[in-house]
2 protein chains.
Amino acid sequence: MSNRIDLDAIVKAVQSVLPQGKDFIALHEPHFNGNEWTYVKDCLDTGWVSSVGKYVDKFERDLADYTGANYAIAVVNGTAALHICLKLAGVVQQDEVLVPSLTFIATANAVTYCGAIPHFVDSELSTLGLDPNKLDKYLEETTEFKEGYCYNKKSGRRIKAVVPVHIFGHPVDLDRLLDVCIKFNLELIEDAAESLGSYYKGKHTGNMGKLSSLSFNGNKVITTGGGGAILTNDETIAKMAKHITTTAKLPHKWAFNHDQTGFNYRLPNINAALGCAQLEQLDGFLGKKRILANMYREALAEIDGITFFEEPENATSNYWLNVVLLDEPNMALREEILEALNDKNIMTRPVWTLMHKLPMYNDCPRMDLSVSEDLEQQLINLPSSVILGDSHV
Amino acid sequence: MSNRIDLDAIVKAVQSVLPQGKDFIALHEPHFNGNEWTYVKDCLDTGWVSSVGKYVDKFERDLADYTGANYAIAVVNGTAALHICLKLAGVVQQDEVLVPSLTFIATANAVTYCGAIPHFVDSELSTLGLDPNKLDKYLEETTEFKEGYCYNKKSGRRIKAVVPVHIFGHPVDLDRLLDVCIKFNLELIEDAAESLGSYYKGKHTGNMGKLSSLSFNGNKVITTGGGGAILTNDETIAKMAKHITTTAKLPHKWAFNHDQTGFNYRLPNINAALGCAQLEQLDGFLGKKRILANMYREALAEIDGITFFEEPENATSNYWLNVVLLDEPNMALREEILEALNDKNIMTRPVWTLMHKLPMYNDCPRMDLSVSEDLEQQLINLPSSVILGDSHV
């Protein structure tokens, strides 16, 4: 069986990159080596732990500075961020929203929180993310314009927006996608939950969409415990995002008036404090993650039947989670490889089950998803914590 | 004007209770005097800050122990807790849910997150909360039974649940309300966001509803920065609450499968750590708050035209926010009193604007709300932080 992957060789190659003598290597664990203690203790000492406080303001300013977005609004997690992005982009009940089938569940869930329907689209091998060319052709064939909006001819529903996800930190082809958005009058909302520190043609991800979402969950490049943010370059939208994520309360010395049904999505100050300290270290983290990616690339280069996934052309990726792809003849061996590596206490995992295969999204509209279906079988994530790159500095 | 309140006397009485020489007296600020830093530092030192970790488990166990509920599920805030309570009680799109008009916005918002419609009910003077007798009579007159459920004759919609709120920590008349729930086949969901440490006939609030919600926002008796919890005595419901607040992911070594549209509502471990430390001090906090309430009662006893609000009969209240009520002839003076006290940097505030007066809830069904409308004019909250009681120990 000439195509059969050498399991032992893979395990040894991965082990060669990782520190020896550890009981367990996590997929991605946080790294606290800066001002985390100082800032968090300051919150406790001053009593400012909750919904307002200087770290929330600072974190929002720092995020805007870092990403180049005009405005950042800190919220309780990435799912909440995406929910509000969709809402403020004008997605309403019974709209359809184009999302990749190959993504974490939050992308599809956020659409349903708006009462809208996820419409699943395929990904491309070069980015792992949404394929704009395939989407263009698909929309040409299956949609029509009515009163300026794009309608799904089959369902009769309006298609309002498209949510590309920069999977594992790798930017999708945003320029090409933006063409498609303009052509079909779709709002572009970037799910940049995984791509803090990733750039498309020199511009930080999350800058091209009308709104974009970030995540600072414990498994992300930087963490606030739980947290997320909305990015936008539009001042009016930014103000509205702050307003509706903080219960839509109108400012007043003491009266409690709210002008619409808002949300309790604000990030607590203590979590923002963590975020400020983490963001200060982000460039260092990214450097170490790049070193780790380089180590994996080298170690895996000689092994037949698998390919280390490289950042797309025109992009600089944060390499949030490192990826190897099994060549097609070896796709059936995914579980065996996962078994072998996890048995050695090296945490590895497949990509998320495709959205359209989950019971609650099984009936949603979708295009041909054959590339996603192949990728689902081919893809394995390798341990990617900052600390793992540290040992090679 | 014999009925006219003596503004100076009120200001002096309130000042006599409060510490002298402070720039500003907040309405309710948190108090960190226990193991907060130890536990939070432990999170940072071990790297367990995020969605799983020992403090989440401990906080849930400790909350169950403290409240006497069989199960507690920690979530990201009280609004999220109530949203899930309603969902798991079976509230669906186009149901109506009975909620007091006199409450914080989260109570009504959580109903709308389910696609349901808040139906506003009146409060009673003895508890500040929902009036079960008035509700009973109202439902008698305006509803009918169809296939075992209570229907609003006018709207034709099912009335599925009732959400009493233990306003400012004062328990509503739960026994009487439970009778009404049984009579009309309504699910009882207690919004106990304000009543941690409050007891009704010796039983902790949040134990009588099918599900109940707690809040640990920064202004509450104890805080986790932002946080909340769901209480229930039903094992199946408890498991489902944990499941759908953690994205409805099915357990597996590495595969990501979700069996329904869940939510990202889990409380981060670092916030739970704060909660564990705060809960250890709760009994002490309650003692100090009771001392403060006693001081206010004494200081205000001699002033004509206002009444210090006492915990209801059969209840032990946490006195979360102390309340004075202006006698009816003096209701028009509320703003003047608020001006006078806030001018002295003593933060006081009126009750929240009644829900049915807000633009988004103006068209919702409602009963006669005359008691709530009077209370809205009569009620003033006084500074109630734990530390203020401390100075009198």
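Can you sort A:D23, A:D179, B:D65 so the residue with the fewest Cβ neighbours within 10 Å comes first? Don't skip to the answer; put the middle values down first.
On the way: A:D23 5, A:D179 14, B:D65 11.
Fewest-to-most Cβ neighbours within 10 Å comes out as A:D23, B:D65, A:D179.
For B:A332, place a label point 7 Å out from Cα along the Cα→Cβ vector, do the same in each other copy, and report the separations in nm, one decimal, smallest first.
Computed spacing set for this position: 8.8 nm.
Just the ratio, please: alpha-carbon radius of gyration of chain B over 2.2 N^0.38 Å, N its number of residues. Intermediate results must be reported in sequence, preceding the final value.
Values: Rg = 21.3 Å, N = 393, 2.2 N^0.38 = 21.3 Å.
Against the empirical 2.2 N^0.38 Å value, I get 1.00 for chain B.
Using modelled backbone amide H atoms (1.01 Å from N, in-plane), which distant-in-sequence or interchain residues come within less than 5 Å of A:H119's amide H?
The answer is A:V97, A:L98, A:V99.
Let a ≥ b ≥ c be the square roots of the eigenvalues of the Cα gyration tensor of the range A:102-260; is it rounded (a/c under 1.5), or, if not, prolate (a/b larger than b/c) or oblate? Kindly include the intermediate steps, with their values, before the conclusion.
Working: a/c = 2.00, a/b = 1.28, b/c = 1.56.
Judged from the Cα gyration tensor, the range A:102-260 comes out oblate (a/c at least 1.5, b/c at or above a/b).
Hey, what do the phi angles of the range B:122-136 turn into as Karplus ³J(HN,Hα) couplings, whole Hz, using 6.51/-1.76/1.60 and θ = phi - 60°, x for Gly and Pro?
Result, rounded to whole Hz: 7, 10, 10, 5, 6, 10, 6, x, 3, 9, x, 5, 5, 5, 4.
For A:T307 and A:S155, compute 0.36 nm times the residue count separating them, minus their Cα-Cα distance, and round to one decimal in nm.
On the way: separation 152, 0.36 × 152 = 54.72 nm, distance 3.95 nm.
Between A:T307 and A:S155, full extension yields an extra 50.8 nm.
Non-local amide H neighbours of B:S385 (under 5 Å, H modeled in plane, Pro and chain starts lacking H): which ones?
Excluding prolines and chain starts, which carry no amide H, the hits are B:E29.
Taking the beta-carbon count within 10 Å as an exposure proxy, list A:L321, A:L102 from fewest neighbours to most. Can you show the working numbers first?
Numbers: A:L321 25, A:L102 28.
With the fewest neighbours first, A:L321, A:L102 line up as A:L321, A:L102.
Once amide H atoms are built 1.01 Å from N in the peptide plane, which residues 5 or more positions from A:C150, or in another chain, come under 5 Å H to H?
Distant-sequence amide H within range of A:C150: A:I159.
Among A:L82, A:G262, A:G206, pick out the residue whose Cα is farthest towards the positive end of the charge dipole of chain A, where Lys and Arg carry +1 and Asp and Glu carry -1 on C-beta, about the Cα centre.
Value: A:G262.
Can you list which of the chymotrypsin sites (Phe, Trp or Tyr not before Pro) found in the range B:1-60 are DSSP loop residues with at most 15 other C-beta atoms within 10 Å?
Numbers: sites: B:F24, B:F32, B:W37, B:Y39, B:W48, B:Y55, B:F59; in loops: B:F24, B:F32, B:W48.
Taking the range B:1-60 and a limit of 15 other Cβ atoms within 10 Å, the loop chymotrypsin sites (Phe, Trp or Tyr not before Pro) found are B:F24.
Relative to the compact-globule scaling 2.2 N^0.38 Å, provide the ratio for the alpha-carbon radius of gyration of the protein assembly as shown.
On the way: Rg = 27.5 Å, N = 786, 2.2 N^0.38 = 27.7 Å.
Expressed relative to 2.2 N^0.38 Å, the Cα Rg reads 0.99.
Once you average over the residues of A:206-217, how many Cβ atoms of partner chains fall within 10 Å of each Cβ? Don't skip to the end; give the middle numbers.
Details: counts 0, 0, 0, 0, 0, 0, 0, 0, 0, 1, 2, 5.
The mean count of partner-chain Cβ atoms within 10 Å per residue comes to 1.
To the nearest whole number, what is the average tally of beta carbon atoms from other chains within 10 Å of the beta carbons of peptide B:261-273?
Numbers: counts 10, 5, 6, 15, 5, 3, 2, 14, 3, 11, 6, 1, 1.
Per residue, the number of nearby Cβ atoms from other chains is 6 on average.
Given the pairs A:K87/A:K288; A:K12/A:K203; A:K203/A:K242; A:K249/B:K203, which span a C-alpha to C-alpha distance of over 27 angstrom in this model?
Details: A:K87/A:K288 37 Å; A:K12/A:K203 37 Å; A:K203/A:K242 24 Å; A:K249/B:K203 34 Å.
Among A:K87/A:K288; A:K12/A:K203; A:K203/A:K242; A:K249/B:K203, the Cα-Cα distance tops 27 Å for A:K87/A:K288; A:K12/A:K203; A:K249/B:K203.
Please say if the range B:1-102 is rounded, prolate or oblate, where rounded means a/c under 1.5 for a ≥ b ≥ c the square roots of the C-alpha gyration tensor eigenvalues, and otherwise the choice is prolate for a/b larger than b/c and oblate otherwise? Mind showing how you got there, number by number?
Values: a/c = 3.17, a/b = 1.35, b/c = 2.36.
Oblate.
When the Cα centres of the range B:11-47 and the range A:193-228 are compared, how far apart do they sit, in Å?
That distance is 34 Å.
Net charge near A:Q260: determine it from the other residues with C-beta under 11 Å of the C-beta of A:Q260, scoring Lys and Arg +1 and Asp and Glu -1. Before the final figure, lay out the partial values.
Numbers: positive: A:K87, A:K249; negative: A:D259.
Computed value for this residue: +1.
Using Cα centres only, tell me the gap between the range A:76-117 and the range B:247-306 in whole Å.
Centre-to-centre (Cα) distance: 29 Å.
So what are the ³J(HN,Hα) numbers for the range A:266-279, from phi and the Karplus equation (6.51, -1.76, 1.60; θ = phi - 60°), rounded to whole Hz, Gly and Pro as x?
Calculated HN-Hα couplings, in order: 5, 7, x, 4, 5, 6, 5, 4, 4, x, 4, 5, 5, 5 Hz.
Are there GluC sites (Glu not before Pro) in the range B:76-183 that DSSP puts in a loop and that have at most 14 other Cβ atoms within 10 Å, and which ones? Please list the in-between numbers first.
Details: sites: B:E96, B:E124, B:E140, B:E141, B:E144, B:E147; in loops: B:E124, B:E147.
Taking the range B:76-183 and a limit of 14 other Cβ atoms within 10 Å, the loop GluC sites (Glu not before Pro) found are B:E147.
B:S215: net charge of surrounding residues, Cβ under 15 Å, Lys/Arg +1, Asp/Glu -1, itself excluded?
Numbers: positive: A:R266, B:K220; negative: B:E190, B:D191, B:E194.
With Lys, Arg at +1 and Asp, Glu at -1, the neighbours total -1.
Measuring from a point 7 Å out along Cα→Cβ, what nm distances, shortest first, does B:E147 have to its partners in the other copies?
Output for B:E147: 3.3 nm, nearest copy listed first.
Seen from all sides and averaged, what is the projected area of the convex hull of the Cα atoms in the range A:194-317, in nm²?
The orientation-averaged projected area of the Cα hull of the range A:194-317 comes to 10.6 nm².
Just tell me how shielded A:223-233 is by partners: mean number of partner chain Cβ atoms within 10 Å of each residue's Cβ, no decimals.
Details: counts 6, 4, 14, 13, 2, 1, 0, 0, 0, 0, 0.
Across the residues of A:223-233, the mean count of other-chain Cβ atoms within 10 Å is 4.
Going by how many other Cβ atoms sit within 10 Å of their own, how do B:V111, A:V92, B:V323 line up, fewest first?
Working: B:V111 28, A:V92 12, B:V323 25.
Fewest-to-most ranking of B:V111, A:V92, B:V323: A:V92, B:V323, B:V111.
On average over all directions, what projected area in square nanometres does the range A:243-311 have, based on the convex hull of its Cα atoms? Don't jump to the answer; show the numbers that get you there.
On the way: hull surface 34.7 nm².
Taking a quarter of the hull surface, the average projection is 8.7 nm².
In deg cm²/dmol, rounded to 500, what helix-only [θ] at 222 nm does chain B give when every DSSP H run of at least 4 residues adds -39500 (n - 2.57) and the total is split over its residues? Could you put the intermediate results ahead of the total?
Values: 13 runs with 143 residues, N = 393.
Dividing the helical sum by the residues of chain B leaves -11000 deg cm²/dmol.
Give a residue-ordered list of calculated ³J(HN,Hα) values for the range A:347-352 (Karplus: 6.51 cos²θ - 1.76 cosθ + 1.60, θ = phi - 60°; whole Hz; x for Gly, Pro).
6, 9, 8, x, 6, 4
Based on the alpha-carbon gyration tensor of the range A:50-177 and its eigenvalue square roots a ≥ b ≥ c, which shape applies: rounded if a/c is under 1.5, prolate if not and a/b is larger than b/c, or oblate? Could you put the intermediate results ahead of the total?
Details: a/c = 2.25, a/b = 1.59, b/c = 1.41.
In terms of gyration-tensor shape, prolate.
Highest mean first, what order results for B:220-229, B:341-350 on Cβ atoms within 10 Å? Numbers along the way, then the final one.
On the way: B:220-229: 29.0, B:341-350: 17.3.
Output ranking for B:220-229, B:341-350: B:220-229, B:341-350.
Since every read-out is calculated from the coordinates, none of them should be taken as a lab result. Bear in mind the structure is a predicted one, so any value in this text is a computation, not a measurement. So basically every Cβ, Gly included, is an ideal-geometry build from the backbone, and we count neighbours across all protein chains shown.
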